[in-house]
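The values are calculated or read from the model by the stated rules, or taken from the named source; none is laboratory data. In this text the structure is predicted, and so the values were computed from the model without any measurement. So basically every Cβ, Gly included, is an ideal-geometry build from the backbone, and we count neighbours across all protein chains shown.
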Amino acid sequence: KTPVALLLSGRGSNATALIEACNAPDFPARICLVLSNNPDAPGLDMARKAGLPTKAIDHRPFKKDRTAHEQAIHASLLEAGAEAVCLAGYMRLLTPFLTTEWAGKMLNIHPSLLPSFPGLHTHERALDAGVRIHGCTVHLVTEGMDEGPILGQAAVPVLPGDTADLLAARVLREEHRLYPRALRHFLDKAAPSCQAETALLVA
Ligand code: GAR
């Protein structure tokens, strides 16, 4: 099994889905570290209770030196033996330092059908735009925010009477199905010759 680290900032429901997937004997990943920039993240607590190694590296003492914060994260990822990283609700923008160090080996899940609605408040913006189909995307992390090659997407309908919360819950259920599938697909295919592959995975 490939050692994979998870980075999160909050509740950690996607991390939970990945951890549960890793419990299956035939899943190609094992979680070697769950790391957060937020020492109080419920997701860290969840991981601790699941018996996984956890670490908090609070960004606040680093003040505005984002690279120094990321150097500390990078050192922890290496120390844990991580060979890939999944961002699972990690809510800090990454600098070119970390995206370069982990190029081709760092995945992110984003709550929209990229390239539509990168950034924050995706469900409100999808409702405001009047789209009828919304969803989530797993992609490789590159320097540009929410811009890397798409590994998988799952779509949900936007229904009459939807609120942002209703839509978010519908998308989140799909996130939990998509992320493990996309990680499995990524690891099964990962080989130096096809790292830039952008195979579509529709849940
Ligand atoms: C998820 O919906 C994830 O897609 C989103 O944050 C939420 C985290 O929830 N990520 C982003 O918006 C990244 N730009 P979780 O902590 O329960 O997994």
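Taking Arg30, is it assigned to a strand (DSSP E or B) and surrounded by fewer than 17 Cβ atoms within 10 Å (Cβ to Cβ)? In short, yes. Look at Met91 and say whether it is aliphatic (A, V, I, L, M), more than 16 Å from the chain's Cα centre (by Cα), within 16 Å of the ligand (Cβ to nearest atom) and not in a strand (DSSP E or B). Here the answer is no, as Met91 does not meet what is asked. Meeting the requirement of 1 or more residues that are of a type outside the set (S, T, N, Q) and near the ligand (Cβ under 10 Å from one of its atoms), the strands (runs of 3 or more DSSP E) wholly within the stretch 95-159 are 106-110, 133-140.
What do you reckon, is Ala190 of a type outside the set (Asp, Glu) and at pLDDT 95 or above? In short, no. Among the residues of the stretch 23-43, the ones that are over 17 Å from Trp102 (Cβ atoms), in contact (Cβ under 8 Å) with a residue 24 or more places away in the chain and away from the ligand (no atom under 11 Å from the Cβ) come to 3 in all.
The condition of being in contact with a helix residue (DSSP H, G or I) (Cβ under 8 Å, 6 or more places away or on another chain), farther than 30 Å from Leu167 by Cβ and in contact (Cβ under 8 Å) with a residue 40 or more places away in the chain does not hold for Pro96.
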